[in-house]
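Undergrad: What follows is a single structure, and I will ask about it in a moment.
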Amino acid sequence: KAGVTQTPRYLIKTRGQQVTLSCSPISGHRSVSWYQQTPGQGLQFLFEYFSETQRNKGNFPGRFSGRQFSNSRSEMNVSTLELGDSALYLCASSFTDDSPLHFGNGTRLTVT
Amino acid sequence: QKEVEQDPGPLSVPEGAIVSLNCTYSNSAFQYFMWYRQYSRKGPELLMYTYSSGNKEDGRFTAQVDKSSKYISLFIRDSQPSDSATYLCAMSEGGSEKLVFGKGTKLTVNP
């Protein structure tokens, strides 16, 4: 079974631009979560989607948004990029609420 | 006080050693406890997933949860160079929802 797939693997953007990251969950998984990983803060929860609805949201500004499609694939968008948004963005999926999260290999975003 | 505390290391051990990794937490509502392994330039890989207190063993890995002390551990027996990675503890109130991670412990196993 294929794992969580994230595209692109690497992105370089300029301050003020916006970016869209894509995630395909494991087949059959309906819950998709996004996390930001930085050396200083570690892994931090961004948001979680289930059946196209956002169920939970972390403490990030409104510039960070996401959505989930009917096939469970998900995208996250960051608008008006700041230097501090440089990070590894990880997508994860789970089969049910009681089952563990499985992560993709992430998208490395660099903002210059 | 951070919700989850994990010693960042680095930790360096000889091949074959027993490795002990630990996390403490402050939120008594946490019910689900996980350990992930992360290699450089890869995403976290699930190693262990436990609910509530107790022990769980999987091959060379043993996870322990002591909710009364708010303390979780991961033991690696007969450590191998391929175990060299960063180990992340994670926990949540509800399964896969809103995991809170430790900062990770970087482990090196020397041949």
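Just so it is clear, none of the values below were taken in a lab; they were calculated from the coordinates. Keep in mind that this is a model prediction, so the values were computed, not measured. Neighbour counts run over all protein chains shown; Cβ positions are idealised from the backbone, glycine included.
Undergrad: Order these by the 10 Å Cβ neighbour count, fewest first: B:Ile76, A:Ile26.
TA: On the way: B:Ile76 23, A:Ile26 18.
Final ranking by Cβ density, sparse to dense: A:Ile26, B:Ile76.
Undergrad: What does DSSP give for the protein assembly as shown in terms of the percent of beta bridges that are antiparallel, rounded to the nearest 5? Provide the component values of the computation, followed by the final result.
TA: On the way: 76 of 84 bridges.
That works out to approximately 90 percent antiparallel.
Undergrad: With contacts defined as alpha carbon pairs under 8 Å and 6 or more residues apart, what's the relative contact order of chain A in percent? Mind dumping the intermediate values first?
TA: Details: 291 pairs, mean separation 41.2, N = 112.
Relative contact order here is 37 percent.
Undergrad: Using θ = phi - 60° and the Karplus form 6.51 cos²θ - 1.76 cosθ + 1.60, what ³J(HN,Hα) does each residue of segment A:91-99 get, whole Hz, x for Gly and Pro?
TA: Couplings: 10, 9, 10, 9, 6, 9, 5, 8, 9 Hz.
Undergrad: From the convex hull of the Cα coordinates of chain A, what is the mean projected area in square nanometres?
TA: Details: hull surface 26.0 nm².
One quarter of the hull surface, i.e. the mean projection, equals 6.5 nm².
Undergrad: Can you give me the long-range amide H partners of A:Gly66? Hydrogens built in the peptide plane at 1.01 Å from N, cutoff under 5 Å, separation of 5 or more residues or another chain.
TA: For A:Gly66, the qualifying residues are A:Asn77.
Undergrad: Now, a different point. Using the Karplus curve 6.51 cos²θ - 1.76 cosθ + 1.60 with θ = phi - 60°, what ³J(HN,Hα) values do you get for each residue of segment B:86-97, in whole Hz, with x for Gly and Pro?
TA: Coupling constants for segment B:86-97: 9, 10, 10, 8, 8, 8, 8, 7, x, x, 8, 8 Hz.
Undergrad: For segment A:41-97, which chymotrypsin sites (Phe, Trp or Tyr not before Pro) are both in a DSSP coil and crowded by at most 14 other Cβ atoms within 10 Å? Don't skip to the end; give the middle numbers.
TA: Values: sites: A:Phe45, A:Phe47, A:Tyr49, A:Phe50, A:Phe64, A:Phe69, A:Tyr89, A:Phe95; in loops: A:Phe69, A:Phe95.
Taking segment A:41-97 and a limit of 14 other Cβ atoms within 10 Å, the loop chymotrypsin sites (Phe, Trp or Tyr not before Pro) found are A:Phe69.
Undergrad: Any chance you could tell me what percent of the C-alpha pair distances in the protein assembly as shown go past 28 Å? Let's see the in-between values first.
TA: On the way: 7321 of 24753 pairs.
The share of Cα pairs beyond 28 Å in the protein assembly as shown comes to 30 percent.
Undergrad: In percent, how large is the relative contact order of segment A:1-63, given Cα pairs closer than 8 Å and 6 or more residues apart? Present the calculation step by step, with values, prior to reporting the outcome.
TA: Numbers: 74 pairs, mean separation 14.0, N = 63.
With pairs under 8 Å counted, the relative contact order is 22 percent.
Undergrad: Using the Karplus equation 6.51 cos²θ - 1.76 cosθ + 1.60 (θ = phi - 60°), what ³J(HN,Hα) coupling, rounded to whole Hz, does each residue of segment B:9-14 give in order, writing x for Gly and Pro?
TA: x, x, 10, 10, 9, x
Undergrad: Return the whole-Å distance between the Cα centroid of segment B:96-110 and the Cα centroid of segment A:65-85.
TA: First find each Cα centre; the distance between them is then 24 Å.
Undergrad: Of the listed pairs B:Lys42/B:Lys106; A:Lys57/B:Lys70; B:Lys70/B:Lys98; A:Lys57/B:Lys42, which have alpha-carbon separations greater than 22 Å here? All intermediate terms of the calculation are to be shown ahead of the outcome.
TA: Details: B:Lys42/B:Lys106 14 Å; A:Lys57/B:Lys70 25 Å; B:Lys70/B:Lys98 18 Å; A:Lys57/B:Lys42 24 Å.
Cα-Cα > 22 Å for A:Lys57/B:Lys70; A:Lys57/B:Lys42; rest within.
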